[in-house]
Each structure stands twice: as structure tokens, then as C-alpha cells.
Amino acid sequence: MTLSPTLRSLAKKAGVHHTTFSRALRNDPRLPEATRLRLQSLAANAGYRSDALATRYMTALQRGKSGQQQESLGVLTCDVHLGEGPEPFQAFCRNISQRASELGYRIEELWTAEPGMTTSRMNKIILTRGIEGLIIPPTFAGRHTLLNLSNVASVLHSHAIWRPRLHRVEAHNFQNMLLVLRELLRRKYDRIGLMLFNEIGESTGHEWEGAYDYYHARHLRLARIPVFACRGFQDEQLLQWVKTHRPQVIVGAYPYHSDFFRKKGFRVPEDLGLVSMGVHAWDPPTAGLNMQAQEIDRASVDVVVAQINQNEKGIPAVPRDTLIEGTWHEGPTVRPPS
């Protein structure tokens, strides 16, 4: 039985360090093209095939034992620096940093709003720093760019409008809305209203609206209430919409709406139930959807690292979506199940 060659044995045969050989197989642009081609040819002739899953964890283990400097995954930012800004973005930064560290990488910020920054300069920074993978967060993903992605793996975090189309990790928005509506039907609500920021509708691919309409079409006893669509917070208009259409519960409300409606004379949840489509640990007690944000953040790192390990770089010919389903989060802003 002939044993398959290992990366270390091939590196020894080629007279290079095993990390150099590994970089050649990943087509790392920091190596001269002639070196890359020579080592890639040697690997192909020897029948070497890397195991992406083993590579991912063995690399992390070896880096941890040797104290070797971690390679970088870049995160594009523009309005808010890493670790700053609203708590959801800070949590995102913590989650991706932890997952990257577990896989032997570190997160490096690529601040595109730096004075004098140009697309060509950012392309050069990515190349010279040896950044192999890019994570494009929701705070950046709506912005079009001319970045050269041919030498990096990349992933979109959220259902962003981005060209060219890349692999994407996001919440399973359609199923999440169906989950919430099933819970409300179980609690005997039959006048269910939907509040939706226009920006949220775009960032979810309008899947919340689609699921809302589909569910009402399948459950004809539910009252048809027009969606309250708005751009930014318009609470007085929301109040008028509630008085006009008399929903028993609002899906898409924010935690502060409990105090707002109580001050307007409503009892929550007796007169009006409130459901958040993104409950977080730092929110006051609220019923709604746990989006599993931490798992979405961690999966974005997994997707880009898997591409690196499989030497997949550039614009994907067939972009893939990774969808994470949420769970119901019990809270005092809706009545209990009947």
C-alpha cells in the first residue's frame, strides 16, 4: 500500500519550508509566480490532495503550539471602527474575532474611510499585508466597490445588495417570519400587523413581507392589515396606524415601543402585543426572534476560511448562501400560548 505524500514531505523534497509550500498551493501572491508554479506542479505530479477540514484545524493547532504569527482575515469598515459603535456591531466584532482565533487567524480592520484612501491603495494594502480572506459586514455591504478580489476569498455578512455577487451568510429571513407568525397564531392572535423599515425590507431581500403575505394567504381567518412601511423611526405615524387598523400585535416592533405605547394609554400585552425580529441579550425583556446572531457571525468566518483551505479565490462562479434559522424568544410583551 502506497502512502499519500504529506505537505511536509513534499516541502522537504522541494527544499522549502512547509509554510512556503502551503502558500504556493493557496496561490499566495506574496510568493514569486515561478515558485508557485514549481511547487504546484510538484504537488500535482505526486498526487497530493489537501483535506480542507483537517487543514483548517491542524493549522490552527500548529500555530497555537508554535506561537507562529496568525495570518489575517480582513474586515472592510467605513462608518464605524471595529469594536466601536452600536452594541450589535461590537458583538459582531467579538464573535468573528473569537472564531477566527479558534481557526488560527486574526481579524484585521481595513478602514476605507481613511483620508486619502483610494480603491487602488486599498487593493495594495490587502496584497502587501498578505490578507487571504475578506469579511464584508452589514455596515459596509450596501456600498459598491471596485476592489480587486481575484487573490482573496470573500464572504458577505447579510442579505446585501452587492456586485459582484459573492458567497453570503445570513439569517433565514423567510423561515424566521413564518416561525414568529406560527407562534402568534398559537397564542390566538388573528389581527397581526407588520412594521417594517424600508431599509430592513431591502436588507432582508423583502423575505419578511413575502412570508407575511404567504402566511395570510394560507390562513384566511387572519385579518389583512396593510404593512406599516417607513424610513426611519416614525412613532406618531405608527400610533395612528395602530388606531386605524387595530392590530392585536405588532411584528417588527423595537424594545422601546413598550414604554412608548404604555405612555399612550395601551396595556402591553393586554391591548397590544409587541414582537421584536431581533431580540438581544442587552435588550429589556421582549418577546420575539432570537436570530442566532452569534452563529451567523461565526459562520461568516467558517465560510471564508473554508475557501482559503480549498484554494478558492476570486468571484465565485456559483455563489452559495448559508442560512441560519432563528428560534422563538419568550418574553412579557405578548400573551402566553392558549
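Laboratory data are not the source of any read-out in this text; all were calculated from the coordinates shown. Worth saying up front: this structure is predicted, and the values here are computed from it rather than measured. Methodologically, a virtual Cβ is constructed for each residue, glycine included, from the backbone with ideal geometry; neighbour enumeration extends over all protein chains shown.
Details
- Under the criterion of Cα pairs below 8 Å and six or more residues apart, the relative contact order for the stretch 7-50 equals 33 percent.
- Sparsely packed loop sites in the stretch 265-329 (the trypsin sites (Lys or Arg not before Pro) outside DSSP H, G, I, E and B with at most 10 other Cβ atoms within 10 Å) comprise 267.
- Taking every Cα-Cα distance in the stretch 162-240 and sorting them into 10 Å bins starting at zero, the pair-distance distribution P(r) comes out as 16, 43, 32, 8, 1 percent.
- Distant-in-sequence amide H partners of residue 274 (H built 1.01 Å from N, under 5 Å): 250, 334
- Principal axis analysis of the Cα atoms in the stretch 232-338 yields extents of 60, 27, 25 Å, listed in decreasing size.
- Taking every alpha-carbon pair under 8 Å whose residues sit at least 6 apart, the stretch 173-291 reaches a relative contact order of 26 percent.
- Helix 87-102 axis, angle to the chain major axis (alpha carbon atoms, nearest 10°): 30 degrees
- Applying the criteria of a DSSP loop state and at most 13 other Cβ atoms within 10 Å to the chymotrypsin sites (Phe, Trp or Tyr not before Pro) of the stretch 166-246 yields 233.
- Principal semi-axes in Å for the stretch 7-50 [√(5λ), Cα gyration tensor, largest first]: 14, 11, 9
- Rg and Dmax [Cα atoms of the chain; Å; Rg one decimal, Dmax integer]: 24.5, 80
- Using C-alpha pairs below 8 Å separated by at least 6 residues, the relative contact order for the chain is 19 percent.
- Using θ = phi - 60° in the Karplus curve 6.51 cos²θ - 1.76 cosθ + 1.60, the 3J(HN,Hα) couplings for the stretch 20-25 round to 5, 4, 4, 5, 5, 5 Hz; x is entered for Gly and Pro.
- Max-minus-min Cα coordinates of the stretch 173-291 on each principal axis give 35, 30, 25 Å, with the largest extent listed first.
- In straight-distance terms, cross-link reach from residue 124 covers every one of the lysines whose alpha-carbon lies under 29 Å from its own, apart from those fewer than eight places away in the same chain; here that gives 313.
- Restricted to Cα atoms, the stretch 68-149 shows a radius of gyration and a Dmax of 12.6, 36 angstrom.
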